[in-house]
Amino acid sequence: MAEPTSIRGILDTLNAIGLYDVVLPFLIVFTLMFALLQKTRILGTVDGEPNKRLNFMLAFLLALLCVALLANILGR
C-alpha cells in the first residue's frame with residue numbers, strides 16, 4: 001500500500017479540526033445570507049448603501065445557528 005502523501009495528511013488534519021463539519025458550512029451560509037441581505041436591502045440603507053453592519057450581524061448569527069443545528073441534527 002502506498003504511503004499517504006503530504007496533501008492527504010493535510011486534508012486529514014483539516015478534517016480532524018472540523019473544517020468540513022463546521023468551517024465550510026459556516027462560510028457558505030454566511031456568504032449566501034450576507035449577499036442576499038446586501039442585494040435585497042431588506043434591512044434598510046445608510047446614505048443610499050445597504051446597512052452592512054446589520055447585514056453582517058444577522059448573517060453571522062444565522063450562520064452560527066445553522067452550524068449549531070446541523071451539528072445537533074447530525075450528532076457531532
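The values are calculated or read from the model by the stated rules, or taken from the named source; none is laboratory data. Everything numeric in this text was worked out from a predicted model, so none of it was measured. Using ideal geometry, Cβ is built from the backbone for each residue, glycine included, and neighbour counts are taken over all protein chains shown.
One table, with the values for the structure above:
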item	result
Index of the failed condition, Ala68 passing every other in (1) in a loop (DSSP other than H, G, I, E, B); (2) under 17 Å from the mean Cα position of the chain (by Cα)	(1)
Thr5 among the hydroxyl-bearing types (Ser, Thr, Tyr) and modelled with pLDDT of 95 or more	no
Residue count for the range 16-52, restricted to those that are of a type in the set (S, T, N, Q) and part of a loop (DSSP other than H, G, I, E, B)	1
Breaking point among (1) surrounded by 15 or more Cβ atoms within 10 Å (Cβ to Cβ); (2) at pLDDT below 95; (3) not basic (Lys, Arg), for Ala59	(2)
Every pair of residues 6+ apart whose Cβ atoms lie under 9 Å, when the first sits in the range 50-67 and is within 18 Å of Leu27 (Cβ to Cβ) while the second is of a type in the set (Asp, Glu) and modelled with pLDDT under 95	Val67/Asp21
Qualifying positions in the range 27-51 - exposed (fewer than 15 other Cβ atoms within 10 Å of the Cβ) and within 14 Å of Leu61 (Cα to Cα)	Leu27, Ile28, Thr31, Leu32
